[in-house]
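To start, the structure under review is shown below, and the notes come after it.
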Amino acid sequence: MYQYDSIDKTIVNERVAQFRDQVQRHLAGELSAADLQPLRLRNGLYMQIHAHMLRVSIPYGMLNSAQMRTLAHIARKYDKGYGHFTTRQNIQYNWPELADVPDILADLAEVEMHAIQTSGNCIRNISSDQYAGVAPDEIIDPRPYCEIIRQWSTLHPEFYWLPRKFKIAVTGATNDRAAVQFHDIGLEVIKNAEQEIGFRVYVGGGLGRTPVIGKVIKEFLPREDILSYCEAILRVYNLHGRRDNKYKARIKILVNALGIDEFRTQVEEEWAHFKDQELKLHEVDFDTMQAFFPLPDYEVLDDGDARLEKWRSLDTRFNAWYEHNTSAHKHAGYRIVNVSLKEHGVAPGDATDKQMDAMADIADQYAFGEIRTTHEQNLVLADVRQQDLLDVWKALDAVGLATPNIGSVNDMICCPGLDFCSLANASSISIAKQINEKFTDFQELYDIGEVKLKMSGCMNACGHHHVGHIGILGVDKKGEEWYQFTIGGDASNHAELGTRLGPAIAKDKVGDAVVDILTVYRQQRQDDERLLDTFRRVGVEPFKDQVYAEQA
Amino acid sequence: MTANRNLKARPKATPDRIQNNIQSEKAIVDRAIVDSAIQHVAETDALSVADLPSSAVSVPLNLWLDERDAVIARGQPVAVQIAADESPEDLADQLDSIDMVVLPFVSHVDGRSYSHAYKLRTRFGFKGEIRAVGDVKFDQLGFLTRVGCNAFELPDGENLETALRAFDEFSEVYQPSADQGRLIFSRRRAVH
């Protein structure tokens, strides 16, 4: 993975010193809380209901074992022994003291990490495919491009005070696992007919209060132009995005107001001023960056290990984990291991310091010392020998990280909700528990198959509910928590927003409603249909009838 | 000759313009604390050159575009404001007549003026002073300098000596801007 040179180190260390100075000026009364607020946000520090929350950047979800150990250390030393992995592949801590945050940042800097631009109205962490470099359906490894964009966007002086936050995602695979059509800029790395590498560029996608699917602004952008083109988009947005209403300030609103053709015209006009100047990248830049993401030292192996097959037939728990939590790898004899952070009874995405340390050890022993985070709030060991899977499973199982529920209805995306977040209308963690309790039988879970359940505690949609196969949104009705359901959302290549099911549902009936939806699915499905496929065929009515039957 | 040179409407006195005149005793210019005597005159719908005080002023862009010759005839250095919701393009062919461009910040979280400064320096080649005034404090100075501002007036009560520290917070940067023209990758290219 990418390793800092002296320039990267200097920038991160100087950012730590700058933030330390900001905190000291605040504590000395020289910088008001109001003036500190946008500054601390740009370093990932929020004020939540109970305490500060610090969000640490994990660029495109890549971690090495030393970094994971530091994340564990921070959880132990400065927090209550756990951290929460987020839908932007970052981690956040819910209980740090303001005065400790500069020290936390200094600890992070030691392992080449930071909290720069994890919040605030600026360019956020670049997110990507958690299977980058190892997925069988990958066309081009997106990580070198992610890192190039990360560096350009870090502390960009002109785009630090945008109308609103700005999110960029990159995918290089046939199946989009990074939801690029739901980003302010979404990039698909592709090859044109001449086999040249470039990007299909989407702009103006996003979730939040006004969910919008991104529009194609450029069918093929040569890769050497990626920074200049992003800069042109950002400059048009910085100058013309709305600033009078924060709910209408994202780029999607500007793109919709102008229309994609007029927006494209403005971007191209701006781009023409500087497209062939300093921001144009050279072949050697890509080669240099690609060298940071070499193929690991794979052994020459065959698929199908005898010991593995034997244990799959002997141990049903192991076999269930193998089938649901591991995926095909592009190199023979290896497998991708998904590590579920959705253990029953635990807030989705949470991991303890012990679990993080265990992950680091397991990664060192079996996975080239590397771990990825996913936007679905799980972890990934990308390169595990098939012959090691049994040992990896045992090690993960020993620390509660082998729940075989990846892709199931229990593998839900969930924001922190009312338990922590000052924006939330409703709790989501307790709802996750309620749903978990309805699906304790793994055989039933497997029979239901792939369901992407996504839940947000308010309209800001941190839990991406609009693109859940089942989406649940917490709303406030006269001081009570109610839940609005959608069905049929899809964050993949066939991007789709969910259809509203009907009136909001009472808090204690949410689990029942999920059961009702899945009952209808199991009655009506044909052949290998997933919930999403059945929904697309039969529409919302049968689900509606079942869920609201009691009220009728 | 410059009156109404733009066919598009140029709204006046919008909420994105300063609502009151701004004058500071001190300014930071090229990293040094100096006395300041210029008054930044707020726009009103009917403002004309005849209403201006005889001392040094910066004038709203609209006044400059409407009464350019009268502004020059005052015999003072010419200083023109570009508000966040205005465009430096409107001034681009007249920069030779202008000594100072003033970027008034109604709110420091409004980043449009950063793009204005960047364009003035890198696209239109403006060599005069670019002065940020209004809601501009310590923590904005570093990036404002990067995009091309070289002068600052801070609100009353801000410690200018402390603020001078802001210019040395970062010794390395990734992007080209008005302060330096190199992209990080082109610098690394030179090393290899």
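Pop the C-beta distance of residue A:460 and residue A:494 into the FRET formula with R0 = 25 Å and round what comes out to the nearest 0.05. Please report the intermediate quantities before stating the final value.
Numbers: r = 25 Å, r/R0 = 0.99.
It comes to 0.50.
Would you kindly calculate the mean projected area, averaged across all directions, of the convex hull enclosing the Cα atoms of the stretch A:142-290, in square nanometres? Intermediate results must be reported in sequence, preceding the final value.
On the way: hull surface 35.4 nm².
Orientation-averaged projected area of the Cα hull: 8.8 nm².
Pairs to check: A:438/A:507; A:191/A:330; A:452/A:509; A:248/A:433; A:215/A:280; A:342/A:438. Give those whose C-alpha atoms are more than 26 Å from each other in this structure. Don't skip to the end; give the middle numbers.
Numbers: A:438/A:507 14 Å; A:191/A:330 19 Å; A:452/A:509 19 Å; A:248/A:433 34 Å; A:215/A:280 24 Å; A:342/A:438 15 Å.
From A:438/A:507; A:191/A:330; A:452/A:509; A:248/A:433; A:215/A:280; A:342/A:438, over 26 Å: A:248/A:433.
Can you list the aspartates and glutamates whose alpha carbon is less than 20 Å from that of residue A:478, not counting same-chain residues fewer than 8 positions off?
Leaving aside aspartates and glutamates fewer than 8 places away in the same chain, those within reach of residue A:478 are A:419, A:508.
How far apart, in nm, are the 7 Å Cα→Cβ label points at residue A:391 and residue A:76?
For the pair residue A:391/residue A:76, the computed spacing is 2.4 nm.
Return the FRET efficiency for the residue pair residue B:54, residue A:273: r is the Cβ-Cβ distance, R0 is 51 Å, and the value is rounded to the nearest 0.05.
0.80
Distance between the C-alpha centers of the stretch A:97-136 and the stretch B:111-154? Whole Å please.
Between the Cα centres of the stretch A:97-136 and the stretch B:111-154 lies a distance of 29 Å.
Roughly speaking, what is the centre-to-centre gap between the stretch A:42-93 and the stretch A:303-337 when only Cα atoms are used, to the nearest Å?
What the calculation gives is 31 Å, centre to centre.
Just to verify a number: FRET efficiency for residue B:167 and residue A:97, C-beta to C-beta distance, R0 = 25 Å, to 0.05?
Values: r = 30 Å, r/R0 = 1.21.
Once the sixth-power term is evaluated, E becomes 0.25.
Would you calculate, for chain A, the mean residue ellipticity at 222 nm contributed by helices, counting each DSSP H stretch of 4 or more residues as -39,500 (n - 2.57) and dividing by all residues, to the nearest 500? Please report the intermediate quantities before stating the final value.
On the way: 18 runs with 200 residues, N = 552.
Calculated at 222 nm, the ellipticity per residue is -11000 deg cm²/dmol.
Can you list, by residue number, the Cys in chain A that have no neighbouring cysteine C-beta under 4.7 Å?
A:122, A:146, A:230, A:414, A:421, A:458
Please compute the length gained on full extension between residue B:20 and residue B:124, using 0.36 nm multiplied by the number of residues separating them and subtracting their Cα-Cα distance.
34.5 nm
Count neighbours as other Cβ atoms within 10 Å of each site's Cβ, and list the chymotrypsin sites (Phe, Trp or Tyr not before Pro) in the stretch A:67-107 that are DSSP loop with at most 10 such neighbours.
On the way: sites: A:78, A:82, A:85, A:93; in loops: none.
Within the stretch A:67-107, no chymotrypsin sites (Phe, Trp or Tyr not before Pro) qualify (loop, at most 10 other Cβ atoms within 10 Å).
Quickly work out the residue B:94-to-residue B:33 label distance, labels modelled 7 Å from Cα along the C-beta direction, and quote it in nm with one decimal.
A separation of 3.6 nm, rounded to one decimal place.
Starting from one equal scatterer on each C-alpha and no solvent at all, send me the Debye-based log10 I(q)/I(0) for the protein assembly as shown at q = 0.07 Å⁻¹, two decimals.
Normalising to I(0) and taking log10 leaves -0.53.
Name the trypsin sites (Lys or Arg not before Pro) in the stretch A:450-484 that are in a loop by DSSP and that have at most 16 other C-beta atoms within 10 Å, would you? Let's see the in-between values first.
Values: sites: A:452, A:454, A:477, A:478; in loops: A:452, A:478.
Hits after loop and neighbour filter: A:478.
Which loop-located chymotrypsin sites (Phe, Trp or Tyr not before Pro) does the stretch A:458-552 contain, where loop means any DSSP state but H, G, I, E or B and the Cβ has at most 15 other Cβ atoms within 10 Å? Please list the in-between numbers first.
Numbers: sites: A:482, A:483, A:485, A:521, A:535, A:543, A:548; in loops: A:548.
The qualifying sites are A:548.
According to a simple spin-label model (label point 7 Å from Cα along Cα-to-Cβ), what is the distance in nm between residue A:247 and residue A:443?
Modelled inter-label distance: 4.9 nm.
Multiply the residue gap between residue A:219 and residue A:545 by 0.36 nm, knock off their C-alpha separation, and tell me the result in nm, one decimal place. Before the final figure, lay out each step's value.
Values: separation 326, 0.36 × 326 = 117.36 nm, distance 4.23 nm.
Here the segment from residue A:219 to residue A:545 would lengthen by 113.1 nm.
Bear in mind that the values in this text are calculations on the coordinates, not laboratory data. Only a predicted model underlies this, so the values are computations on that prediction, with no experimental measurement involved. Every residue, glycine as well, gets a Cβ built from its backbone with ideal geometry; the counts of neighbours run over all protein chains shown.
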